[in-house]
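The values are calculated or read from the model by the stated rules, or taken from the named source; none is laboratory data. Remember, predicted model here, so these are calculated numbers, not experimental data. So basically every Cβ, Gly included, is an ideal-geometry build from the backbone, and we count neighbours across all protein chains shown. What goes into the accessible areas is simple: the full protein's heavy atoms, side chains included, and nothing from ligands, DNA or RNA. Shrake-Rupley method; radii C 1.70, N 1.55, O 1.52, S 1.80 Å.
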Amino acid sequence: NNFSWKNLSATLGFSYIGRYNLYSEVKTFQHTDLPKFNWSPELTSNIIFRLPKLGAEAGFFYKFTGKLPSYNTAFNQSGQTDVFLSKLASYHWADVTLSKNLFKYVTLQGGVKNLFDVVRLANTSESTTHSSGGPILTAYGRSYFVGLNFQWTRNK
């Protein structure tokens, strides 16, 4: 959905994403009733506030990613290959950008990426015979940026 009111515009989106489970077709594993798809939710939003008198705008991007289930294989205690469920933890992600038009073709931008400082996500196993996979490196943490954007346009 897109929403607009005066100098404010926002988008909001929701997805429920299914990822195919390759192991659902293999019947030689101990678990033969595995689902064909693993599902996880995602929510996104983008908010932009324009200040036309100043030639500036502020933008906020947000994304929520729900728990991501997946199936993996490992040897069980009897030495046979087995399938087990693991879940990557849910997380929130946000970026903030400020921009200001300096001249007709030049814009100054600055902001923060990964505002919530997401670095590692928990990776857990629901099997009692398998240990946790440990945290997964997701990003390098919060970062800041400043830049000049030169856009040369030609009128016909």
For segment 19-76, which fully contained strands (runs of 3 or more DSSP E) count at least 1 residues that are at pLDDT below 80, open to solvent by less than 60 Å² (accessible area, probe 1.4 Å) and in contact with a strand residue (DSSP E or B) (Cβ under 9 Å, 6 or more places away or on another chain)? 68-75
Quick check on segment 135-156: of everything there that is part of a loop (DSSP other than H, G, I, E, B) and surrounded by 10 or more Cβ atoms within 10 Å (Cβ to Cβ), which residue is modelled with the lowest pLDDT? Pro135
Residues that are assigned to a strand (DSSP E or B) and either without any contact (Cβ under 8 Å) to a residue 12 or more places away in the chain or open to solvent by 80 Å² or more (accessible area, probe 1.4 Å) (or both), drawn from segment 102-127: Lys113, Arg120
